[in-house]
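Participant: Pasting in a structure now, in structure tokens, and then I'll have a few things to ask.
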Protein chains: 2
Amino acid sequence: MSTLADLIERYIKQQIRHSEDQTVALSRAQLAELFSCVPSQINYVLTTRFTLERGYLIESRRGGGGYIRIAQISKAERDRLAEELFMEIGAEISEREAEQFLASFHDLDVITGKQVKLIRAILQRETAMTAQNRDALRASLLRGIIIMIMYK
Amino acid sequence: MSTLADLIERYIKQQIRHSEDQTVALSRAQLAELFSCVPSQINYVLTTRFTLERGYLIESRRGGGGYIRIAQISKAERDRLAEELFMEIGAEISEREAEQFLASFHDLDVITGKQVKLIRAILQRETAMTAQNRDALRASLLRGIIIMIMYK
DNA sequence: CCTTCTTTGACCATGTCTGACCTTTATTTA
DNA sequence: TAAATAAAGGTCAGACATGGTCAAAGAAGG
């Protein structure tokens, strides 16, 4: 049985399919009106079904002329973004930055959740072994591992 | 879906692009007339979209023959401003501040429109995951991402 | 039952636009 | 040329128009 959230999700995805550029702009209030529900229900659907992990970008604006725009990131686009992200790995990165990269690569479906854990463990283990230049080592490792996965 | 302010902003930016020296001089009253709105609407657009942080200089004069001149600053100047802007990212920033920073970096050509969207999504996603210290996390993420882009 | 997902509503934050009133500068007039 | 007047532009508060958040109640599934 479909829930309201499912219906709204389906509706939005249909709109995206029918669009030219895999993007829809909608009014939260109007959508809520269309489905006879409270506006915040729309937020619920967005936060549970149109996340970055699932390949969607959401942007919105309040006030007069406000809107919610949902864009589906295409496979090619994701690859491009992943490529860009990869280029952004500097010569040296902190543990925290490495963590951010891992999360982003995961979001872009470059690596799985298990791979994230494995890579994290590898980074920790390897950097613990050397006394200097851990950040550089971490960057090299991350780069090496990611490129292996990307071009497998 | 565009608001009046958006239309006026677009119009002015177009004028600047079509100019020789990245500068336009306009009459507040005439512009207001052109867009059928009150003159103060022009001020609204100027103060929200053509700020120094975003790379524009405004000068004006009242009285007979008065004018408003908008100038887009040079590339070198923009780089300097971007540097300054970066330094202004505090230890903790709100979502709204992050949004302003993104708009500013975008106007200063540090990041592309697509990068803005991606970064916004990443910030939202990451901050949604942790319950505390969101502002601090947001600041770190923004700093990290921007600096990687700036010095890539 | 217990947990997780869904739905709602009260309250919040932010963006836009207008109009009344103010200030500055140029031009005209006495 | 000082005063008056006209011709710009500036400020600000308030009305509106949206979207966002969060906690709690309700529903569905194990």
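The values are calculated or read from the model by the stated rules, or taken from the named source; none is laboratory data. Every value quoted in this text rests on a predicted model; they were computed, and no experiment measured them. Note: ideal-geometry Cβ built from the backbone for every residue, glycine included; neighbour counts use all protein chains shown. All accessible areas refer to the heavy atoms of the entire protein, side chains included, with ligands and DNA or RNA removed. Shrake-Rupley method; radii C 1.70, N 1.55, O 1.52, S 1.80 Å.
Participant: From other protein chains only, count the Cβ atoms within 10 Å of every residue's Cβ in B:114-125, then give the mean.
Facilitator: Per residue, the number of nearby Cβ atoms from other chains is 5 on average.
Participant: Considering only protein heavy atoms, what is the solvent-accessible area of B:MET150 at a probe of 1.4 Å, reported in Å² to the nearest 10?
Facilitator: The value for B:MET150 is about 50 Å².
Participant: Normalised by the number of residues in chain B, what is the relative contact order in percent for Cα pairs under 8 Å and 6+ residues apart?
Facilitator: 19
Participant: What is the spin-label model distance, in nm, from B:ALA103 to B:ALA91 if the labels are put 7 Å beyond Cα along the C-beta direction?
Facilitator: Those two pseudo-labels are separated by 2.8 nm.
Participant: Restrict the search to region B:4-53; then list the GluC sites (Glu not before Pro) that DSSP places in a loop and that have at most 16 other Cβ atoms within 10 Å of their Cβ.
Facilitator: B:GLU20
Participant: OK, next. If contacts are Cα pairs under 8 angstrom and at least 6 residues apart, what is the relative contact order of region A:4-72 in percent?
Facilitator: 36
Participant: Working from Cα positions, state the angle (0 to 90°, nearest 10) between the long axis of helix A:4-18 and the longest principal axis of chain A.
Facilitator: Compared with the principal axis, the helix lies near 80 degrees.
Participant: Roughly how tilted is helix A:39-49, in degrees to the nearest 10 and between 0 and 90, from the longest Cα axis of chain A?
Facilitator: The angle comes out at about 40 degrees.
Participant: Also, quick follow-up: Taking a probe of 1.4 Å and counting only protein heavy atoms, give the total accessible area buried between chains A and B in Å², rounded to the nearest 100.
Facilitator: Heavy-atom accessible area buried at this interface is about 1800 Å².
Participant: Oh, and also: How would the protein assembly as shown be classified by its alpha-carbon gyration tensor: rounded, prolate or oblate, with rounded meaning a/c under 1.5 and the a/b versus b/c comparison settling the rest?
Facilitator: Here the protein assembly as shown falls in the oblate category.
Participant: Could you pull the copy-to-copy label distances for B:GLN15, with points set 7 Å along Cα to Cβ, in nm to one decimal and sorted shortest first?
Facilitator: 3.5
Participant: Between B:SER19 and B:MET150, what is 0.36 nm times their sequence separation minus the Cα-Cα distance? Round to one decimal in nm.
Facilitator: 44.3 nm
Participant: Sticking with this one: Ranked from the most accessible area to the least, with a 1.4 Å probe and all protein chains present, what is the order of A:THR48, B:THR112?
Facilitator: Descending accessible area places them as B:THR112, A:THR48.
Participant: Something else now. May I ask you to evaluate 6.51 cos²θ - 1.76 cosθ + 1.60, the Karplus curve with θ = phi - 60°, for each residue of region B:71-76 and list the ³J(HN,Hα) values in order in whole Hz, giving x for glycine and proline?
Facilitator: Along region B:71-76, the couplings run 10, 8, 7, 5, 4, 4 Hz.
Participant: ³J(HN,Hα) across region A:78-92 via Karplus (A = 6.51, B = -1.76, C = 1.60, θ = phi - 60°), whole Hz, x for Gly/Pro?
Facilitator: Taking θ as phi minus 60°, the curve returns 4, 4, 5, 4, 5, 4, 4, 4, 4, 5, 7, 6, x, 5, 9 Hz for region A:78-92.
Participant: Output the 0 to 90 degree angle, nearest 10, between the alpha-carbon long axis of helix B:95-107 and the longest principal axis computed from the alpha carbons of chain B.
Facilitator: That helix lies at roughly 60 degrees to the long axis.
Participant: Related question: For A:ARG62, B:ARG61, B:ARG120, give the ranking by accessible area with the largest first, probe 1.4 Å.
Facilitator: Result of the area sort, largest leading: A:ARG62, B:ARG61, B:ARG120.
Participant: If you only keep lysine pairs separated by 8 or more in sequence, or across chains, how many in the protein assembly as shown come under 23 Å at the Cα atoms?
Facilitator: Lysine pairs satisfying the spacing and distance rule in the protein assembly as shown number 16.
Participant: Binning at 10 angstrom from zero up to the longest distance, how are the C-alpha pair distances of region A:4-72 distributed in percent?
Facilitator: Calculated over all Cα pairs of region A:4-72, the distribution is 21, 60, 19, 0 percent.
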